[in-house]
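Peer 1: Sharing a structure here in structure tokens format.
Computed from the coordinates by the stated procedures, all read-outs in this text should not be read as laboratory data. What you see is a predicted model, and the numbers here were worked out from it, not measured in a lab. Cβ placement follows ideal geometry from the backbone for every residue including glycine, while neighbour counts extend to all protein chains displayed.
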Amino acid sequence: MIRDITIGQYYPADSILHRLDPRTKLMGTLIFIISVFLFHTIPGYAVATIFLAALIKISKVPVKFIFKGLKAIFVILIITMLFNIFLTPGEVIWKLGFLKMTKEGISLAVRMAIRLIYLVIGSSLMTLTTTPNQLTDGLERGLRPLNRLHVPVHEISMMMSIALRFIPILLEETDKIMKAQIARGADFEDGNLLQKVKNMVPLLVPLFISAFRRANDLAMAMEARCYHGGEHRTQMKPLCYEKRDHVTYLILAAYLAVAITFRVVGI
Amino acid sequence: MSIELKNITYTYSPGTAYEIHALKDINLNIPDGQFIGVIGHTGSGKSTLIQHLNALIQPTSGTILYNGEDVWEEKYDRRSLRSQVGLVFQYPEHQLFESDVLSDVCFGPMNQGMSREEAEEEAKKALLQVGFKEKNFSKSPFELSGGQKKRVAIAGVLAMNPKILILDEPTAGLDPKGRDEILDQIAELHKVRGITIILVSHSMEDVAKYVERLIVVNHGEIAFDDTPRNVFTHYQELEAMGLAAPQITYIMHALKEKGLDVDPDATTVEEAGKDILRALQEAGSPLLKGGRKDD
Ligand SMILES: Nc1ncnc2c1ncn2[C@@H]1O[C@H](COP(=O)(O)OP(=O)(O)OP(=O)(O)O)[C@@H](O)[C@H]1O
Ligand SMILES: [Mg+2]
């Protein structure tokens with residue numbers, strides 16, 4: 001039941017996108033997001049759509065998975081659109097009480113919707129093709145310059161990868177404990193709010209205990225292997241750019257140039 | 001009174017890249033009063049199977065009948081089913097949460113609607129029956145040893161007076177003495193309370209000694225469902241599944257091959273010991289007279 005929740009799900013497949021260096025993909029996502037905000041005309045959006053569609057095709061991830069991420073933002077999307085439609089000043093085309101639907105509002109709403117949707121699809125495409133570990137590795141390497149400013153980049157990325165690793169474990173644990181308590185007659189569904197909160201105790205106590213135990217075990221295991229911060233640490237799989245990454249950077253640069261040109265020329 | 005599974009299949013995470021077909025077309029009938037062992041290698045689907053028996057998970061397809069009624073029917077009272085079919089999970093620390101042992105065991109009975117006093121009575125009875133010492137009743141469940149926790153967990157389900165008790169690897173992580181104690185107490189429960197017991201286990205030795213019926217699960221399918229004696233005659237097939245017959249089966253087969261007229265299907269050490277002595281006597285072996293010259 002609870003396992004159906006998916007967060008940043010990785011979809012295993014064998015595609016060029018999966019094999020790209022995570023730094024390239026991070027940069028690519030960033031550039032794509034920038035481009036979505038640079039484009040503001042129909043030809044511009046057409047370019048972005050073609051670009052995105054091509055990526056989805058290359059990634060070999062079923063389209064169904066890519067659109068799954070949109071479900072989560074559906075409500076936000078609707079609210080944003082309504083606000084834009086009714087609260088943008090301009091040429092009124094329809095009126096209901098104090099609510100005025102304006103032409104400018106509709107065009108802004110559509111643009112916002114496209115941007116939001118593309119933003120989500122673009123970033124889910126990255127998480128779908130990159131394992132959480134690669135992602136944190138990529139972030140760590142990408143943010144390394146911040147080390148000079150005494151930002152503990154390694155520690156932060158270590159915490160991130162541990163947290164990411166723990167999410168599915170804790171979800172699984174929750175599922176197990178819930179089942180064990182349901183088998184003893186516990187009820188997690190009925191009752192008013194207060195009762196519901198009270199009924200959570202048999203779930204939360206064991207869950208917290210097990211989370212602390214796991215954290216403790218992990219700390220012990222890391223210590224036993226002489227783990228000590230980021231200074232002079234090498235990686236098991238050092239990131240290293242390949243030819244495909246260089247080619248990708250070229251394509252990204254060209255794409256960004258197109259986006260800027262469109263903006264400047266005003267198409 | 002029985003549980004019947006008809007063409008049960010179960011798929012984890014259907015429709016995703018992580019789809020796993022944990023159970024495939026399982027048919028099973030569990031009548032009252034049996035002592036059943038369920039065995040299979042890691043990941044074969046044992047835990048998934050037993051969670052169907054008290055409607056904790058809904059099968060992807062197929063029907064489960066309890067006393068002839070479909071438990072996944074809209075109006076079926078699954079909470080009452082769960083108090084009749086008790087399930088003790090694989091790791092007991094997953095369910096203990098109260099500040100003392102007695103209250104924790106009371107959780108189940110009180111969910112059934114008993115008052116605190118009635119529940120305590122049931123709890124004490126159950127705790128004593130699983131061999132938990134009275135002087136530890138007021139301890140925190142978290143300061144107990146693994147074996148004690150396991151006992152408390154079993155008592156927590158037993159206190160609900162189930163008609164069927166399912167135990168998922170109750171002996172995992174116990175030393176041989178603790179293991180034998182718990183299994184003996186479970187066998188005792190079977191005798192005293194007359195309830196159906198379903199014991200999930202990895203160890204053929206455990207299972208052979210206690211159960212009257214053995215279900216072997218392999219890759220989500222039932223490979224054998226018979227008396228332990230009959231199942232162990234397939235010891236070569238069991239090996240191919242990553243399981244092993246009890247060691248005594250191997251010894252008996254080896255003896256038979258060397259020409260001693262023993263019954264190769266003896267399942268327990270006691271049985272085998274007697275049989276070897278008998279065979280030796282029949283063969284007039286000098287071994288029995290303490291003479292070794294001609295051996
Ligand atoms: N919550 C779950 N989500 C997804 N897959 C699962 C889940 N639980 C079990 N599985 C998978 O289903 C299959 C059967 O698992 P199950 O736990 O029933 O095996 P088991 O026979 O009890 O193993 P073990 O002896 O290790 O306890 C395994 O392949 C397992 O990976
Ligand atoms: Mg199991």
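Peer 1: Would you kindly derive the ³J(HN,Hα) couplings of segment B:6-21 from the backbone phi angles with the Karplus curve 6.51 cos²θ - 1.76 cosθ + 1.60 (θ = phi - 60°), listing them in order in whole Hz, with x for Gly and Pro?
Peer 2: Coupling constants for segment B:6-21: 10, 6, 7, 10, 9, 10, 7, 6, x, x, 10, 5, 9, 4, 10, 8 Hz.
Peer 1: Is it possible to state the helix-based mean residue ellipticity at 222 nm for the protein assembly as shown, with each DSSP H run of 4+ residues giving -39500 (n - 2.57), the sum divided by total residues, to the nearest 500 deg cm²/dmol? What is it?
Peer 2: Details: 21 runs with 302 residues, N = 562.
Roughly -17500 deg cm²/dmol at 222 nm, from the helical runs in the protein assembly as shown.
Peer 1: If you rank A:LEU128, A:LEU38 by fewest surrounding Cβ atoms within 10 Å, what's the result?
Peer 2: On the way: A:LEU128 25, A:LEU38 17.
Ranked by crowding around the Cβ, least crowded first: A:LEU38, A:LEU128.
Peer 1: On a 32 Å Cα-Cα criterion, which of the cross-link pairs A:LYS68/A:LYS179; A:LYS60/B:LYS75; B:LYS24/B:LYS258; B:LYS46/B:LYS274; B:LYS46/B:LYS135; B:LYS150/B:LYS256 come out too long?
Peer 2: Details: A:LYS68/A:LYS179 27 Å; A:LYS60/B:LYS75 44 Å; B:LYS24/B:LYS258 41 Å; B:LYS46/B:LYS274 34 Å; B:LYS46/B:LYS135 36 Å; B:LYS150/B:LYS256 41 Å.
From the list (A:LYS68/A:LYS179; A:LYS60/B:LYS75; B:LYS24/B:LYS258; B:LYS46/B:LYS274; B:LYS46/B:LYS135; B:LYS150/B:LYS256), the Cα-Cα distance tops 32 Å for A:LYS60/B:LYS75; B:LYS24/B:LYS258; B:LYS46/B:LYS274; B:LYS46/B:LYS135; B:LYS150/B:LYS256.
Peer 1: By count of other Cβ within 10 Å, fewest leading, how are B:VAL211, A:VAL151 ordered?
Peer 2: A:VAL151, B:VAL211
Peer 1: Under a 5 Å amide H to amide H cut-off, with H placed in plane at 1.01 Å, what residues pair with B:GLY40 once short-range neighbours are removed?
Peer 2: B:SER201, B:VAL217
Peer 1: In degrees between 0 and 90, to the nearest 10, how far off the longest principal axis of chain B does helix B:146-158 point, with axes built from Cα atoms?
Peer 2: Helix B:146-158 sits roughly 60 degrees off the main axis of chain B.
Peer 1: Still on this structure, please answer the following. For segment A:153-229, what is the relative contact order in percent, using Cα pairs closer than 8 Å and at least 6 residues apart in sequence?
Peer 2: The normalised contact order for segment A:153-229 reaches 34 percent.
Peer 1: Here's something else I'd like to know. In a shell of Cβ-Cβ distance under 14 Å around B:PRO109, excluding B:PRO109 itself, what net charge do Lys and Arg (+1) and Asp and Glu (-1) give? Could the numbers behind the result be given before it?
Peer 2: On the way: positive: A:ARG184, B:ARG79, B:ARG82, B:ARG116, B:LYS124, B:LYS125; negative: B:GLU98, B:ASP104, B:GLU117, B:GLU118, B:GLU120, B:GLU121, B:GLU122.
Local net charge: -1.
Peer 1: Would you tally the net charge around B:HIS234, using a Cβ to Cβ cut-off of less than 14 Å, leaving B:HIS234 out, and scoring K and R as +1, D and E as -1? Before the final figure, lay out the partial values.
Peer 2: Working: positive: B:ARG229; negative: B:ASP225, B:ASP226, B:GLU237, B:GLU239, B:ASP265.
Result for the neighbourhood of B:HIS234: -4.
Peer 1: Starting at the first residue of segment A:107-116, write each ³J(HN,Hα) from the Karplus equation 6.51 cos²θ - 1.76 cosθ + 1.60 with θ = phi - 60°, in whole Hz, x for Gly and Pro.
Peer 2: Result, ordered by residue: 5, 5, 4, 4, 5, 4, 4, 4, 4, 4 Hz.
Peer 1: Could you pull out every one of the lysines with an alpha carbon less than 26 Å from that of A:LYS103, ignoring same-chain neighbours closer than 8 positions?
Peer 2: The reachable lysines, counting only those whose Cα sits under 26 Å from A:LYS103, are A:LYS95.
Peer 1: Also, quick follow-up: Using +1 at the Cβ of each Lys and Arg and -1 at the Cβ of each Asp and Glu in segment A:11-143, identify which of A:LEU20, A:ILE79, A:VAL36 lies farthest towards the dipole's positive end.
Peer 2: A:ILE79
Peer 1: Something else about it: Using a 10 Å cut-off on Cβ atoms, rank the peptides B:79-92, B:191-204, A:158-171 from the highest mean neighbour count down.
Peer 2: Ranked from most to least packed, the peptides come out as B:79-92, B:191-204, A:158-171.
Peer 1: Which of the aspartates and glutamates could a cross-linker span from A:LYS64 if the Cα-Cα distance has to be under 19 Å and same-chain partners fewer than 8 positions apart are dropped?
Peer 2: List returned: A:ASP4, A:ASP14, B:GLU19.
Peer 1: Please go through the residue pairs A:LYS176/A:LYS196; B:LYS125/B:LYS191; B:LYS6/B:LYS209 and name each one whose alpha carbons sit more than 23 Å apart in this structure.
Peer 2: Distance filter (> 23 Å) returns B:LYS6/B:LYS209.
Peer 1: With θ taken as phi - 60° and the coefficients 6.51, -1.76 and 1.60, list the Karplus ³J(HN,Hα) couplings across segment A:117-122 in order, rounded to whole Hz; mark glycine and proline as x.
Peer 2: Whole-Hz 3J(HN,Hα) from phi for segment A:117-122: 4, 5, 4, 5, 5, x.
Peer 1: A further question follows. Can you give the average number of partner chain beta-carbon atoms within 10 Å of each beta-carbon in peptide B:8-18, as a whole number?
Peer 2: 3
Peer 1: What net charge do the residues around B:PRO264 carry, taking every other residue with its C-beta under 11 Å from that of B:PRO264, with Lys and Arg at +1 and Asp and Glu at -1?
Peer 2: For residues surrounding B:PRO264, the net value is -3.
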